[in-house]
Amino acid sequence: MKFKDMPKLPLVLVAAMFVVGALVYPQLPTRIPMHWGVGGQIDGWAAKSVFSVFFAPLMTLGVYLLMWFVPYLDPQRANLMRSKQVYSIVLELLAGMMTIVFVGQLYASFNQSLPMASIVEVATGVMLVVIGNYMGRVKRNWTMGVRTRWTLSDDTVWAKTNRLGGRLFIVAGILAIVGAFLPPLVSIALIVVPLFVILPVVYIYSMNLYRQLHPDEMAPPTPTYGSGFDDEAPVPTLHPADATAPHIDRLCPACGAENAPGNAECIACGKPLPRS
């Protein structure tokens, strides 16, 4: 994707984070919070350094550069360009989330009572709701959206599956927002469980929809001889004469060699065999 097509808001947020971090850096304590546990309490710290303080803006800049490069690898790049508005919104949401984490990290360095876990849960819920609202507008591509073997093979399956996925994302986002105001274990369940439910639902839906639209492709293959399965080989038919002839070896009286029932002469010595 050309740089002119990339959103500029993430770069503005990255620059703002670097400026704020540089201004606050001298006043920061010797260690800063890096992670919050299920109960909202800080359970991870890091010594103050350039890397630990500016981790969020560096990560945001890295994601921005990655999403700038990824479209060049997409086989459906033309469709992705048609969905560049949604692509830009997703990137802006990710940058906004990282900005919230960065500001919360700096604030919590001075005031550890900040309910950072609840703030992140609300931000996650808002992000899911916004993304779900736009998922139905994404054209078939290999970079974003509900990508299964069925959606990537048919535009109709792609459109309907992504619309369903968008609605499920909105529900998951609302549950995440509600969970931010509930006990910790309940709030985590309201984030994790819906995401694990969405994956199998959209996969099975896309498969069944593809089966309805392409019944011939989903039918089991017709057995053919030579496929490697013994039970598919045709049963050989016997000649009428072979079916009635007794399958008993005949011994040559001259040399004792065994001969087939229908032989008139011995296969070993060539002498006539007596009629049975």
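The values are calculated or read from the model by the stated rules, or taken from the named source; none is laboratory data. Being a predicted model, the structure only gives us computed values, none of them experimental. As a convention, Cβ positions derive from the backbone with ideal geometry for all residues, glycine included, and neighbour counts pool all protein chains shown.
Which residues, counting only those in region 175-185, are assigned to a helix (DSSP H, G or I) and either buried (at least 17 other Cβ atoms within 10 Å of the Cβ) or at pLDDT below 90 (or both)?
The initial filter retains those residues of region 175-185 that are assigned to a helix (DSSP H, G or I), namely 175-179, 184-185.
Selection gives Leu175, Ala176, Ile177, Gly179, Pro184, Leu185.
Taking Val201 as the residue in question, decide whether it is over 15 Å from Gly125 (Cα atoms), not in a helix (DSSP H, G or I) and not aromatic (Phe, Trp, Tyr).
So Val201 fails the test.
Looking at region 42-57, can you tell me whether even one residue there is over 17 Å from Val138 (Cα atoms), of a type in the set (Asp, Glu) and modelled with pLDDT under 95?
Yes - at least one qualifying residue is present in region 42-57.
Among the helices (runs of 4 or more DSSP H) confined wholly to region 73-174, which include 1 or more residues that are free of Cβ contacts under 8 Å to residues at least 12 places away in the same chain and under 30 Å from Pro215 (Cα atoms)?
So the answer is 77-82.
Could you figure out which of (1) crowded, with 18+ Cβ neighbours inside 10 Å; (2) in contact with a strand residue (DSSP E or B) (Cβ under 6 Å, 6 or more places away or on another chain); (3) of a type outside the set (Lys, Arg) isn't true of Pro57?
Going through the list (1) crowded, with 18+ Cβ neighbours inside 10 Å; (2) in contact with a strand residue (DSSP E or B) (Cβ under 6 Å, 6 or more places away or on another chain); (3) of a type outside the set (Lys, Arg), Pro57 breaks only (2).
Each row is one residue, and each column tells you yes or no for (1) out of contact with any helix residue (DSSP H, G or I) (no Cβ under 9 Å at 6 or more places or on another chain); (2) free of Cβ contacts under 8 Å to residues at least 24 places away in the same chain; (3) in the same structural domain as Met135 (by TED's automatic domain parsing).
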{"position": "Ala176", "(1), (2), (3)": "no, no, yes"}
{"position": "Ala180", "(1), (2), (3)": "no, no, yes"}
{"position": "Leu185", "(1), (2), (3)": "yes, no, yes"}
{"position": "Ile191", "(1), (2), (3)": "no, no, yes"}
{"position": "Leu195", "(1), (2), (3)": "no, yes, yes"}
{"position": "Pro200", "(1), (2), (3)": "yes, yes, yes"}
{"position": "Ile204", "(1), (2), (3)": "yes, yes, yes"}
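Residue-by-condition table, conditions (1) acidic (Asp, Glu); (2) in contact with a strand residue (DSSP E or B) (Cβ under 9 Å, 6 or more places away or on another chain):
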{"position": "Gln27", "(1), (2)": "no, no"}
{"position": "Asp43", "(1), (2)": "yes, yes"}
{"position": "Ser52", "(1), (2)": "no, yes"}
{"position": "Val63", "(1), (2)": "no, no"}
{"position": "Tyr87", "(1), (2)": "no, no"}
{"position": "Thr124", "(1), (2)": "no, no"}
{"position": "Val129", "(1), (2)": "no, no"}
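When you go through Val20, Val63, Val70, Val14 one by one, which is the residue that is in a helix (DSSP H, G or I), at pLDDT 95 or above and under 22 Å from the mean Cα position of the chain (by Cα)?
Only one candidate passes the filter, namely Val63.
Scan region 2-17 and tell me whether some residue there is exposed (fewer than 12 other Cβ atoms within 10 Å of the Cβ) and either closer than 24 Å to Pro115 by Cα or in contact (Cβ under 8 Å) with a residue 60 or more places away in the chain (or both).
Yes - at least one qualifying residue is present in region 2-17.
Among the residues of region 209-220, write down those that are over 14 Å from Trp158 (Cβ atoms) and surrounded by 13 or more Cβ atoms within 10 Å (Cβ to Cβ).
Arg211, Met218 - these are the residues of region 209-220 that are over 14 Å from Trp158 (Cβ atoms) and surrounded by 13 or more Cβ atoms within 10 Å (Cβ to Cβ).
May I ask you to verify whether Ala22 is touching a Phe, Trp or Tyr at 6+ places or on another chain (Cβ under 9 Å), closer than 27 Å to Ala117 by Cα and not aromatic (Phe, Trp, Tyr)?
Taking the combined requirement at face value, the residue satisfies it.
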